[in-house]
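**Student:** After the structure tokens below, expect a handful of questions from me.
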Amino acid sequence: MSLPLTGAAADVAKSGYQGYKLWASQVNAAGGLLGRSVHLDVLDNGFDPNQTGTDYTRLISQNKDDLLLGTFSSLLNAPASAIAARQQMLYVEPSGGAASLFTRGFTNLFFAQPGTTASLPDLFVQWFGSLPADQRPKTAAYLTQDDPSASPAIAVFKTKLLALGVTQVYDQTYDPSTSNFDSIAAGVAHAQPDMVIQGAVSNDGAPFVRSLEKLNFSPKILFQTRAPADDTYPGAIGAKNTEGVFTAEAWSPKSTYTGNAAFVSAYTGMFGSPPDEDAANSYTAAQVLAAAVKAVGRIDQKALADWLHTHTVDTIVGPLKWDSTGDPIGTALLAQWQQGTLQVVAPKSAATSTTVVYPKPGWSN
């Protein structure tokens, strides 16, 4: 695998790598895969797509690694999965849910999360549509980082909410380097939307909220992709100000899916702190890979991919199954901050709270 061990995304890779390390230690303690010990061959891609492609070429052609596990983000998994496809090797990725990754005709690519960006809005839209028509927000502001894991999801939000009668009053795509959101927040506040939907990749979610707080503008609904699930989010915007904020999660530490509680306990014991979503995603990808190897009983790349296309794998994020492109048949969890805790509010099978906070309270100074 090739991970961003240095550079801007190094912190993300650290927990993800630890998820892989925990899985490998557990597999080896149980006798390995096919009776062989698992060794993690890791290269540093510096969060550079070109370097990522070079790294996976090296892992396959020079290092002669038997199996591949993916890196982090759609930006990096796009070239890595293309290399794997060219070399006809199975490629299981822990992140990289941009819908465009699954339109290239690859038959060996599998996304180890419940859903991609195309399905990310589904549970929120279902909840929104369940509200009485006279209680639904009528207007929405949309903003998104120019990123393949964010902007496609916001495009789906626009289409589906428009079909439910929501009028768009603001639309902005910003550069990934954006750190000051004051002007964007001013534009949003001027438009006075009932609802704000942001494609926030990581450290762009909290700064936008802080800019809204300065203006004392608080919409009835705030949905941000990914950012609210980050451990630093409550401290960055104020713990009380998280109340009612929606997001989508691939995994929850509170879920009761098979093996999840044991994963949380083992990870915390090994590394001294609880796992985050990146750690869970990498652990899940490794679970998927191991399930295929154990079922097939040999390292046969085509047979491994064929098995995954026709079987469901039980993982810590729930049962996963895929269509012919490797796109998971499902959707991410709908989560909401409630009383200082990020709760899953849909689907019912994974819910940790039976209530939804609506409308979102105003900001607390």
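The values are calculated or read from the model by the stated rules, or taken from the named source; none is laboratory data. This one's a predicted model, so the numbers in the text were calculated from it and none came from an experiment. Note that each Cβ is placed from the backbone with ideal geometry, even for glycine, and that neighbours are counted across all protein chains shown. To get the accessible areas, we keep the full protein, side chains included, count just its heavy atoms, and leave off ligands, DNA and RNA. Shrake-Rupley method; radii C 1.70, N 1.55, O 1.52, S 1.80 Å.
**Student:** Could you say whether any residue in the range 85-97 is in contact with an Asp or Glu (Cβ under 7 Å, 6 or more places away or on another chain), assigned to a helix (DSSP H, G or I) and either surrounded by fewer than 19 Cβ atoms within 10 Å (Cβ to Cβ) or without any contact (Cβ under 8 Å) to a residue 40 or more places away in the chain (or both)?
**Tutor:** No, every residue in the range 85-97 fails to be in contact with an Asp or Glu (Cβ under 7 Å, 6 or more places away or on another chain), assigned to a helix (DSSP H, G or I) and either surrounded by fewer than 19 Cβ atoms within 10 Å (Cβ to Cβ) or without any contact (Cβ under 8 Å) to a residue 40 or more places away in the chain (or both).
**Student:** Of (1) touching a strand residue (DSSP E or B) at 6+ places or on another chain (Cβ under 9 Å); (2) part of a helix (DSSP H, G or I); (3) closer than 19 Å to residue 277 by Cβ; (4) hydrophobic (A, V, I, L, M, F, W, C), residue 236 satisfies all except one. Which?
**Tutor:** Against the list (1) touching a strand residue (DSSP E or B) at 6+ places or on another chain (Cβ under 9 Å); (2) part of a helix (DSSP H, G or I); (3) closer than 19 Å to residue 277 by Cβ; (4) hydrophobic (A, V, I, L, M, F, W, C), residue 236 comes up short only on (1).
**Student:** Let me ask you something else. Filter the range 174-194 for residues that are open to solvent by 80 Å² or more (accessible area, probe 1.4 Å), of a type outside the set (D, E, K, R) and either farther than 19 Å from residue 361 by Cα or free of Cβ contacts under 8 Å to residues at least 40 places away in the same chain (or both) and give the result. Spell out the reasoning first.
**Tutor:** In the first step, residues of the range 174-194 are kept if they are open to solvent by 80 Å² or more (accessible area, probe 1.4 Å); the result is 175, 177, 179-180, 183, 190, 192.
Remaining after also requiring of a type outside the set (D, E, K, R): 177, 179-180, 183, 190, 192.
Those that are open to solvent by 80 Å² or more (accessible area, probe 1.4 Å), of a type outside the set (D, E, K, R) and either farther than 19 Å from residue 361 by Cα or free of Cβ contacts under 8 Å to residues at least 40 places away in the same chain (or both): 177, 179, 180, 183, 190.
**Student:** Then there is this: So which of 44, 48 ends up being farther than 19 Å from residue 20 by Cα and modelled with pLDDT under 95? Quick ask: steps written out before the conclusion?
**Tutor:** Values: 44 fails: farther than 19 Å from residue 20 by Cα.
Residue meeting the stated conditions: 48.
So that you can scan it fast, the table gives a plain yes or no per residue for (1) part of a helix (DSSP H, G or I); (2) small (Gly, Ala, Ser); (3) touching a strand residue (DSSP E or B) at 6+ places or on another chain (Cβ under 8 Å):
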residue	(1), (2), (3)
176	no, no, yes
183	yes, yes, no
186	yes, yes, no
189	yes, yes, no
196	no, no, yes
209	yes, no, yes
214	yes, no, no
222	no, no, yes
228	yes, no, yes
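**Student:** Of all residues in the range 222-254, how many are touching a helix residue (DSSP H, G or I) at 6+ places or on another chain (Cβ under 8 Å) and open to solvent by less than 40 Å² (accessible area, probe 1.4 Å)? Steps first, please.
**Tutor:** First pass over the range 222-254, keeping only residues touching a helix residue (DSSP H, G or I) at 6+ places or on another chain (Cβ under 8 Å): 222-230, 232-234, 236-238, 241-242, 245-253.
Filter again for open to solvent by less than 40 Å² (accessible area, probe 1.4 Å), leaving 222-225, 227-229, 233-234, 236-238, 241-242, 245-252.
Number satisfying all stated conditions: 22.
**Student:** If I filter the range 323-340 for residues that are free of Cβ contacts under 8 Å to residues at least 40 places away in the same chain and within 16 Å of the chain's Cα centre (by Cα), do I get at least one hit?
**Tutor:** Scanning the range 323-340, I find at least one residue that is free of Cβ contacts under 8 Å to residues at least 40 places away in the same chain and within 16 Å of the chain's Cα centre (by Cα), so the answer is yes.
**Student:** What's the number of the condition residue 82 fails, among (1) of a type outside the set (Lys, Arg); (2) at pLDDT 95 or above; (3) part of a loop (DSSP other than H, G, I, E, B); (4) open to solvent by 20 Å² or more (accessible area, probe 1.4 Å)?
**Tutor:** Unmet for residue 82, out of (1) of a type outside the set (Lys, Arg); (2) at pLDDT 95 or above; (3) part of a loop (DSSP other than H, G, I, E, B); (4) open to solvent by 20 Å² or more (accessible area, probe 1.4 Å): (3).
**Student:** So, one more: Which ones in the range 129-150 are open to solvent by less than 40 Å² (accessible area, probe 1.4 Å) and among the aliphatic types (A, V, I, L, M)? Break it down stepwise before answering.
**Tutor:** Going through the range 129-150, the residues open to solvent by less than 40 Å² (accessible area, probe 1.4 Å) turn out to be 129, 131, 137, 139-145, 147, 150.
Within the range 129-150, 131, 140, 141, 143, 150 meet the criteria.
**Student:** Related question: Determine, yes or no, whether residue 269 is at pLDDT 95 or above, within 17 Å of residue 342 (Cα to Cα) and surrounded by fewer than 19 Cβ atoms within 10 Å (Cβ to Cβ). Steps first, answer last, please.
**Tutor:** Numbers: at pLDDT 95 or above: yes; within 17 Å of residue 342 (Cα to Cα): no; surrounded by fewer than 19 Cβ atoms within 10 Å (Cβ to Cβ): yes.
So residue 269 does not fit the description; no.
**Student:** What's the number of the only condition in (1) crowded, with 24+ Cβ neighbours inside 10 Å; (2) within 19 Å of the chain's Cα centre (by Cα) that residue 209 fails to meet?
**Tutor:** In the conditions (1) crowded, with 24+ Cβ neighbours inside 10 Å; (2) within 19 Å of the chain's Cα centre (by Cα), residue 209 misses (2) alone.
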